[in-house]
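Here the structure comes first, spelled out in structure tokens, and everything after it is commentary.
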Amino acid sequence: TPVERVSGKSLSAAEFFERYSSTSTPVVLTDVVKDMTPSPWTIEYLRTAIGDKHAPVKRVVPGSAEWAQLETARTMRVSDFIDSLEEDINTEQLYLFDWSLPIHCPELSKELAIPKYFSGDLLKKTREGSLYRDSWPSLFVAPKGLSGGLHVDAFGSNFWMALFQGRKRWLFFQKEDLPLLYPRYSHSMDPTFDADVFRPDLEKYPLLSLTHPRECVLQPGELLFVPAGCPHRVENLDRSLAVSGNFVDESNFEVAKEELRLNALKDPRSLDLLQQFGDMFIDKRTTIK
């Protein structure tokens, strides 16, 4: 099933919420990314802006119980990592994955204007230092050909990704498909998956035939919205640079609270965030602008 593409020029924040966020419907937004930065971000620009910083890079480990089958390989200078993206060098397929800009690159983060569709993010309304408050937007830089494992974003959060360079193939499923994807729960409430949904083996995993996959190739300058709870897998068709954010608004507020209730059993910061959410008054007229 194809994913709808809509121009941000003619889509208000209220329309986005009513048509996509509140109905858990993925959508690709065009004409949005170009207004997020003063000048276009590229991988070479990152070398100039943050090349001296050090960041953890990940690698895909098939069968790993880690989230998206991604395990930390090592920490390295961002400029050295960018050098490794050359096809004849990056044989290990290293990935700068979900690296928080507000925490690690606050000056670079200040260049970003978050699209109006996500201005109601309740995580940003919590106290300074609260869980997830400064986790996003985050940076993704990947080599051509790298594909992480199927995964679901944490704590019932919605997700957006703005693509600045390269192309990404996205395959995602309805949240109701989760039991049909053979999830495993090894050491947390976040499932991992063994089935290869890009090349499904229906003899080994027959329930995959009952799922409802949707696919798109995200192009440079496009932004993808992925609703809470939707399992997804991504393949980098080119060297790519993207920025993303997880967020909570009225559409997934109750789901996020339920996930936090479970996490709070072992994580005091989840309990603190849950208590703050409990104190928030959700009013559609003030939340959706």
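Residue count for the stretch 201-214 satisfying the condition of being under 25 Å from Gly245 (Cα atoms) and surrounded by 15 or more Cβ atoms within 10 Å (Cβ to Cβ): 2.
May I ask you to list the residues in the stretch 140-198 that are free of Cβ contacts under 8 Å to residues at least 60 places away in the same chain and open to solvent by less than 30 Å² (accessible area, probe 1.4 Å)? Answer for the stretch 140-198, where residues must be free of Cβ contacts under 8 Å to residues at least 60 places away in the same chain and open to solvent by less than 30 Å² (accessible area, probe 1.4 Å): Phe173, Asp177, Leu181, Pro191, Phe193, Ala195, Val197, Phe198.
To keep it simple, each residue is scored yes or no on (1) out of contact with any Lys or Arg (no Cβ under 6 Å at 6 or more places or on another chain); (2) of a type in the set (Ser, Thr, Tyr).
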{"residue": "Phe198", "(1), (2)": "yes, no"}
{"residue": "Asp201", "(1), (2)": "yes, no"}
{"residue": "Tyr205", "(1), (2)": "yes, yes"}
{"residue": "Phe225", "(1), (2)": "yes, no"}
{"residue": "Asp238", "(1), (2)": "no, no"}
{"residue": "Val243", "(1), (2)": "yes, no"}
{"residue": "Glu259", "(1), (2)": "yes, no"}
{"residue": "Asn263", "(1), (2)": "yes, no"}
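Within the stretch 69-86, the only residue that satisfies the criterion of being out of contact with any helix residue (DSSP H, G or I) (no Cβ under 9 Å at 6 or more places or on another chain) and in a loop (DSSP other than H, G, I, E, B) is Glu86. Of all residues in the stretch 223-256 being part of a helix (DSSP H, G or I) and open to solvent by 30 Å² or more (accessible area, probe 1.4 Å), which is farthest from His187 (Cα to Cα)? My answer is Glu254.
Working carefully through the options Ser209, Ser186, find the one that is out of contact with any helix residue (DSSP H, G or I) (no Cβ under 9 Å at 6 or more places or on another chain) and of a type in the set (Ser, Thr, Tyr).
Ser186
Pairing each residue of the stretch 207-229 that is touching a residue at least 40 places away in the same chain (Cβ under 8 Å) with any residue that is of a type in the set (A, V, I, L, M, F, W, C) and open to solvent by 20 Å² or more (accessible area, probe 1.4 Å), provided the two are 6+ apart or on different chains, yields C-beta distances under 6 Å for Ala228/Val255.
So which residues in the stretch 106-133 are touching a helix residue (DSSP H, G or I) at 6+ places or on another chain (Cβ under 6 Å), open to solvent by less than 50 Å² (accessible area, probe 1.4 Å) and over 19 Å from Gln276 (Cβ atoms), if there are any at all? The answer is Leu108, Ser109, Tyr117. Just for the stretch 109-137: of the residues that are closer than 16 Å to Asn158 by Cβ and of a type in the set (A, V, I, L, M, F, W, C), which one is farthest from the chain's Cα centre (by Cα)? My answer is Leu122. Residue-level check: of (1) closer than 16 Å to Ala142 by Cβ; (2) free of Cβ contacts under 8 Å to residues at least 60 places away in the same chain, Phe81 misses just (2). With respect to (1) open to solvent by less than 10 Å² (accessible area, probe 1.4 Å); (2) part of a loop (DSSP other than H, G, I, E, B), the lone exception for Pro220 is condition (1).
Residues that are more than 22 Å from Asp272 (Cα to Cα) and either under 15 Å from the mean Cα position of the chain (by Cα) or in a helix (DSSP H, G or I) (or both) within the stretch 138-158 comprise Ser138, Leu139, Phe140, Val141, Ala142, Ser147, Gly148, Gly149, Leu150, His151, Val152, listed in sequence order. Looking at Leu202, is it farther than 24 Å from Leu29 by Cβ, part of a helix (DSSP H, G or I) and of a type in the set (A, V, I, L, M)? No, not satisfied. Looking only at residues of the stretch 22-68 that are in a helix (DSSP H, G or I) and of a type outside the set (A, V, I, L, M, F, W, C), we find that the one that is nearest to Pro220 (Cα to Cα) is Lys34. The set of residues from the stretch 171-199 being part of a strand (DSSP E or B) and of a type outside the set (Val, Ile, Thr) comprises Leu171, Phe172, Pro183, Arg184, Phe193.
The values are calculated or read from the model by the stated rules, or taken from the named source; none is laboratory data. Every value quoted in this text rests on a predicted model; they were computed, and no experiment measured them. Positions of Cβ are backbone-derived with ideal geometry, glycine not excepted, and every protein chain shown enters the neighbour counts. Each accessible area value is taken on the protein alone, full model and side chains, heavy atoms only, with ligands, DNA and RNA left out. Shrake-Rupley method; radii C 1.70, N 1.55, O 1.52, S 1.80 Å.
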